[in-house]
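All remarks here apply to the structure that follows.
Nothing in this text is a laboratory measurement; each read-out follows from the coordinates by a stated rule. Being a predicted model, the structure only gives us computed values, none of them experimental. Counting neighbours? That spans all protein chains shown, and the Cβs are built from the backbone with ideal geometry, glycine included.
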Ligand code: GCB
């Protein structure tokens, strides 16, 4: 991982941001998976290499067109498009960066025949200064090769399998995790400009004093080099959420003002949804980097002032114990797959607030930065998960990639008030002996990057054989009582759940929350008395969990409940999945099942009782 920053592109008086979203040329690498490399498709317009389709960016490519070949494609696909780089950008001496919000799974990017970027691991941004590769005042081309193949050393893992078919042998992709391996350019592509010496990264941590003074510790890293004798100065202002300048005191740690402490009298704290009448309060940290001979660079970072603490039994936000009412989720919807879509994101947050939730886990990978922005602004607490799901076979090579995914995630999300925990894995085979040293390394690594947020994971292994819990600050566990365990028998839930949660706490002396429970439910299927897959069964299974949660809450170490799942989502094809996983309380089209109304009554009651 490089040490450079990955700040979200924001326009300012010194920066232009240009979206490259829209329709791109697209083709599969067929019949030979390497034909694009052999014929060097990055040397010319894709349209000149053979027949191309038009593919929307951002989107997964799988479900847009009516073609199994595209949906189930394995291996490389190619995208390209062209754009103008204005001559004025050169005249002003701009640097130009090219930034991808995420490409799943691996990507290589060429600008005008130059290979400029290679990135592996989906769901994370990557960028590069491409000034030297551009033709200013002329047309430029971007070519992207995307590979969706998952193997034993990718994060997440998968494997290829050879099968024989009517027309000969064929390779298929298999994986054990339970969501469709959507691929493509999933998030926005931006070009953005900066001055020659520019703000490359910012770190903030926040605090407050008893008499209401908000504290922002900041540290700015700049990119580009100063000419000899050139001086640099960094100055800070803070705007409130109406864009009015706050009265602040700044104490700098160094001559240039690159790091220091900002104090705001009577600061408004960042609070979770329903814990305060004004949740998600965001300030703007306005950073101005001035140099003797260059243009000033200005970057505005949204900042929420809050603290996070945890004890053996509690999780505290602004010194107040918080109880998580939430979900596991997916980036998933009809047609778009995992493509970022503002209409969908807006609807989802409105549903989260309608139902009275205050949190969710970004199961099982980092979500789009645009989605995280909503969480910051609406006061939704995020358990921020890296893309390690169902990990098996703990090799050193895998460990390296796993920690890289966490380094990139933390670099991206470190400044977000909504992020309350790092989730380092979902359901790894943590009963295996080598899981112990593996997760010890992962946890230690995360602590070196962020000591202020607790580490968690969603454990599915049984308590007595698990090797992961000991390395966490907060224990999360997934358990499907009444579903995978004894389907139809909701009468086992309350006692088993109380028992297990209590034992997790006793074993590790740490706070515990439930990261998954639930039942597949086919919308509109009504069976009375309740029977698996019916709306009645999902509601009944939830009620039994609620009874256990209420007992557990009174025991004071239980810090939250997250149902699986917010909405139905697509999976690989399997005889246990009807058009995908149906454990959503909302359908994939974001309409409520009976369970959504049931959950809403509980979450609002909890909110009124607790907050
Ligand atoms: C789990 C996994 C999740 C699945 C879920 C299920 O434990 O973490 O990815 O979708 O169970 O419904 O089986």
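So what are the radius of gyration and Dmax for the Cα set of the chain, in Å?
Here Rg and the maximum Cα pair distance are 24.8, 82 Å.
Quick one: order 398, 472 by neighbouring beta-carbon count within 10 Å, fewest to most.
398, 472
With label points built 7 Å along Cα→Cβ from the Cα atoms of residue 278 and residue 256, find their separation and express it in nm.
3.6
Return the calculated 222 nm mean residue ellipticity for the chain, to the nearest 500 deg cm²/dmol, obtained by summing -39500 (n - 2.57) across DSSP H runs with n ≥ 4 and dividing by the residue count.
-6000 deg cm²/dmol
Find how much the distance from residue 266 to residue 92 grows on full extension, using 0.36 nm per residue of separation minus their present alpha carbon separation; answer in nm with one decimal.
58.5 nm
Using r as the Cβ-Cβ distance of residue 492 and residue 241, and R0 as 56 Å, what FRET efficiency do you calculate, to the nearest 0.05?
Approximately 0.70, to the nearest 0.05.
Points 7 angstrom from Cα along the Cβ direction at residue 610 and residue 591: gap in nanometres?
Taking the two extended label points, one gets 3.1 nm.
Please order 110, 271 by the number of other Cβ within 10 Å, starting at the fewest.
Starting with the residue having the fewest Cβ neighbours, the order is 110, 271.
In Å and on Cα atoms, what radius of gyration and Dmax does the range 267-406 show?
18.3, 55
In the chain, what percentage of the DSSP-assigned beta bridges are antiparallel, given to the nearest 5?
Among the beta bridges of the chain, antiparallel pairing accounts for roughly 75 percent.
Sorted from largest down, give the three principal axis spans of the alpha carbons of the range 368-508, whole angstrom values.
Cα extents, longest axis first: 44, 39, 25 Å.
Label point 7 Å out from residue 312 along Cα-to-Cβ: which residues of the range 506-526 have amide N under 16 Å?
Correct set: 506-512.
Relative contact order for the range 335-484 using alpha-carbon pairs under 8 Å, separation at least 6, rounded to a whole percent?
Value for the range 335-484: 20 percent.
Under a plain spin-label model, where a point goes 7 Å from the Cα along Cα-to-Cβ, how far apart in nm are residue 82 and residue 210?
Label at residue 82, label at residue 210, 6.9 nm between them.
How much length, in nm to one decimal, is gained on full extension between residue 395 and residue 576, taken as 0.36 nm per residue of separation minus their Cα-Cα distance?
Extra length available between residue 395 and residue 576 comes to 62.1 nm.
Let's test the formula: R0 of 41 Å, r as the Cβ-Cβ distance of residue 32 and residue 225. What FRET efficiency results, to the nearest 0.05?
The formula returns an efficiency of 0.35 here.
Percent relative contact order of the chain, based on C-alpha pairs within less than 8 angstrom and at least six residues apart?
Once normalised by length, the contact order is 12 percent.
What whole-number distance in Å separates the alpha-carbon centres of the range 524-538 and the range 55-80?
Here the answer is 36 Å between Cα centres.
Grab the beta carbon distance between residue 165 and residue 319, set R0 = 56 Å, and tell me the FRET efficiency rounded to 0.05.
In this case the efficiency is close to 0.35.
Please order 507, 247, 401 by the number of other Cβ within 10 Å, starting at the fewest.
Least crowded to most crowded, the residues run 247, 507, 401.
Over the range 131-173, what is the relative contact order in whole percent, taking alpha-carbon pairs under 8 Å and six or more residues apart?
Taking the mean separation of contacting Cα pairs over the length of the range 131-173, I get 23 percent.
Roughly how many whole Å is it from the C-alpha centroid of the range 273-307 to that of the range 102-138?
Centre-to-centre distance over Cα atoms comes out at 28 Å.
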